[in-house]
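One structure below.
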Amino acid sequence: MQKTVVLISFHHYLSKRKAGFHWIAHSFENLGWDVIFVTAPLSPFSRLIHDHRWEYVNHKNLNRAEKIDEHVIIYTHSPFYSPISTTGHVCIDLLSPIFIPIYKSRIPVRLKKLLIRADIVIFESTAAILLFDLVKKCNTKAKYIYRVSDSLEILRVHQSVIEFEKKITPYFDLVSVPSQKLLSRFPVEKTCLQHHGINKSAFSQKLKKPAQYGRFEKNIIFVGNSYFDLNFITIASGLFPHIGFHLIGPIDHEFSGDNVLIYGEMPFIETTPYIFYADVGLQIRRMEVGLDTLSDSLKILQYTWCQLPIIAPFGLESLRKHIIYYQYDVAESIGDAITQALNYDRSHIDRSDIMDWEELTIEMLRKIDTPV
């Protein structure tokens, strides 16, 4: 009998920003499962903060099942009243906690029909975990996994969502976390450290070196879409005019040096040559909360697989020896970190613990005693 997994994620299935839940979905499909990919929550209020997910939404299909192919259905859960992250927009931030009890009180009939089909339901760490009790009432036979892609503090959800997370995690069959720091946050028996996977096959293909790399003695890469440390690049590009700094992501800034190249967002597969042929990878996140949970982020694992020394700010606290730290806004510290990274013996970088996404998916299934 065909097995079905429901993935409840912040991300939209059709987004060109490929996150962990996209790869987990593809892994299940490759293993022969039917996949139902639910985007939640997507409030109309999020238009006010230019939520990029609206680029991929067909308005006629909001709150309706949309068949993508033989084995994939997507569903965008878009109630009028849904809690979103703290935004700095006064109206939204005042209304969001008011909407929380309303949001968690109802699941649309069309979504219930999809949930009933599930053998496994996997929640991502988003405000959608508020739906946990209702989802479990819809399907008491399924097994439930909480995949903590990011800490909720990083996502800036309302404090009541964080409290609800603490309340419900003991009721999951597996709490899967990608970093040691997050492991200590969930002191429940069924919590397991499972690093993100990477798409190893994308890096094993014959990749063409980016033409722009030929302009510089060495090339340093940053790929990301949040908490970017702008000051690092401003200082570093001035200190090292002969080094190319290549930035991939929604970075809206003009730098004075011609050694800083901004590519904007691009599909994951197009980023792989930039990572593969780089000399150093950047994890330059400027964060007041949650930096220590990024010690084994997806980007760090991709850089590690390509045996790149990595530069990150103090506070990341990784056990990986090829991560070199700098102090925010201190030119001497930034310069020393770059010099160390450029001279690092890359042959000593250990990548033996890195899984691909299918290996991660199989490991999660084994943890809940479910045949592949």
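The values are calculated or read from the model by the stated rules, or taken from the named source; none is laboratory data. As the structure is a prediction and not an experimental result, all values here were calculated from the model. Backbone-built Cβ (ideal geometry, glycine too); neighbour counts: all protein chains shown. The area values use the complete protein model at the heavy-atom level, side chains included, leaving out ligands, DNA and RNA. Shrake-Rupley method; radii C 1.70, N 1.55, O 1.52, S 1.80 Å.
Express in nm, to one decimal, how much length is gained between Asn343 and Arg117 on full extension, taking 0.36 nm for each residue of separation and deducting their alpha carbon distance. Show your work: numbers first, answer last.
Working: separation 226, 0.36 × 226 = 81.36 nm, distance 5.41 nm.
Taking 0.36 nm per residue and subtracting the Cα distance, the gain is 76.0 nm.
Note on Tyr263: accessible area approximately 50 square angstrom, rounded to 10, probe 1.4 Å, nucleic acids and ligands left out. Lys and Arg at +1, Asp and Glu at -1: add these up for the other residues within a Cβ distance under 13 Å of Ile284 and post the number. So the surrounding residues net to +1. For Val72, the residues whose amide H sits under 5 Å from its own are Val35, ignoring neighbours fewer than 5 places away on the same chain, with H placed 1.01 Å from N.
Multiply the residue gap between Leu207 and Phe80 by 0.36 nm, knock off their C-alpha separation, and tell me the result in nm, one decimal place. If you can, show how the numbers build up before the last one.
Numbers: separation 127, 0.36 × 127 = 45.72 nm, distance 4.50 nm.
Taking Leu207 through Phe80 to full extension adds about 41.2 nm, to one decimal.
Across the chain, the volume of the C-alpha convex hull divided among the residues equals 142 Å³ per residue.
Rounded to the nearest whole Hz, the Karplus-based 3J(HN,Hα) values (6.51 cos²θ - 1.76 cosθ + 1.60, θ = phi - 60°) of region 209-220 follow the sequence 5, x, 4, 5, 5, x, 7, 10, 5, 9, 10, 10, with x at glycine and proline. The charge dipole of the chain, taken about its Cα centre with unit charges on the Cβ of Lys, Arg, Asp and Glu (plus for the first two, minus for the last two), comes to roughly 1380 debye.
When the Cα positions of Ile102, Leu342, Ile323 are compared along the charge dipole of the chain, Ile102 comes out farthest toward the positive end, with charges on each C-beta of Lys, Arg, Asp and Glu.
With an 8 Å cut-off on Cα pairs and a minimum separation of 6 or more residues, tell me the relative contact order of the chain in percent.
Numbers: 680 pairs, mean separation 52.6, N = 372.
For the chain, the relative contact order is 14 percent.
Quick check on the chain: of the DSSP beta bridges with both residues there, what percent are antiparallel, nearest 5%? Could the numbers behind the result be given before it?
Working: 5 of 53 bridges.
Approximately 10 percent, going by the DSSP bridge assignments.
Using a simple spin-label model with pseudo-atoms 7 Å out from Cα toward Cβ, Ser105 and Glu55 lie 3.6 nm apart. Under the rule of at least 5 residues apart or a separate chain, name every residue whose amide H is placed under 5 Å from the amide H of Asn225. Sorted by chain and number, the residues that satisfy this come to none at all. Sites listed here are trypsin sites (Lys or Arg not before Pro) in region 296-330 whose DSSP assignment is loop and whose Cβ has at most 13 other Cβ atoms within 10 Å: Lys321. Of the whole protein surface, Leu193 contributes about 60 Å² of accessible area at a 1.4 Å probe radius.
For the chain, what does -39500 (n - 2.57) per DSSP helix run (n ≥ 4), summed and divided by total residues, give at 222 nm, in deg cm²/dmol to the nearest 500?
Working: 12 runs with 110 residues, N = 372.
Value at 222 nm, helices only, nearest 500: -8500 deg cm²/dmol.
Among Leu183, His158, Ile122, pick out the residue whose Cα is farthest towards the positive end of the charge dipole of region 106-185, where Lys and Arg carry +1 and Asp and Glu carry -1 on C-beta, about the Cα centre. The residue sitting most towards the positive pole is Ile122. Once the dipole of region 191-244 is set up with Lys and Arg at +1 and Asp and Glu at -1 on Cβ about the Cα centre, which of Ile235, Gly214, Asn225 lies farthest towards its positive end? Result: Gly214, furthest along the dipole toward the positive end. Listed by chain and number, the lysines placed with their C-alpha closer than 19 angstrom to that of Lys136 are Lys3, Lys104, Lys112, Lys113, Lys166, Lys167, Lys190; residues fewer than eight positions away on the same chain are left out. Of all DSSP beta bridges confined to region 192-304, the antiparallel ones make up roughly 5%.
Length available on full extension from Leu319 to Gln159: 0.36 nm per residue minus the Cα-Cα distance, which gives 54.6 nm.
Is the shape of region 209-348 best called rounded, prolate or oblate, per the rule: a/c under 1.5 gives rounded, else a/b larger than b/c gives prolate, else oblate, with a ≥ b ≥ c the square roots of the Cα gyration tensor eigenvalues? Show your work: numbers first, answer last.
Working: a/c = 1.20, a/b = 1.14, b/c = 1.06.
It is rounded, given that a/c, with a ≥ b ≥ c, falls under 1.5.
Spin-label model, Lys136/Tyr263: points 7 Å from Cα along the beta carbon direction are separated by 4.3 nm. Over all directions, the projected convex hull of the C-alpha atoms in region 163-266 averages 10.0 nm² in area.
Under 5 Å from the amide H of Lys143 lie the amide H atoms of Ile120, Val121, each residue being 5 or more positions distant or on a separate chain, with H modelled from the backbone and absent for Pro and chain starts. Quick check: net charge around Thr293, other residues with Cβ under 10 Å of its Cβ, Lys/Arg +1 and Asp/Glu -1? Value of the local net charge: -3. Residue order by solvent-accessible surface for Arg351, Arg366 is Arg366, Arg351, largest first, with ligands and nucleic acids left out and a 1.4 Å probe. For region 53-67, putting each phi into the Karplus relation 6.51 cos²θ - 1.76 cosθ + 1.60 with θ = phi - 60° gives couplings of 5, 5, 5, 9, 9, 8, 4, 5, 9, 4, 6, 9, 6, 10, 7 Hz, in residue order, rounded to whole numbers and with x for Gly and Pro.
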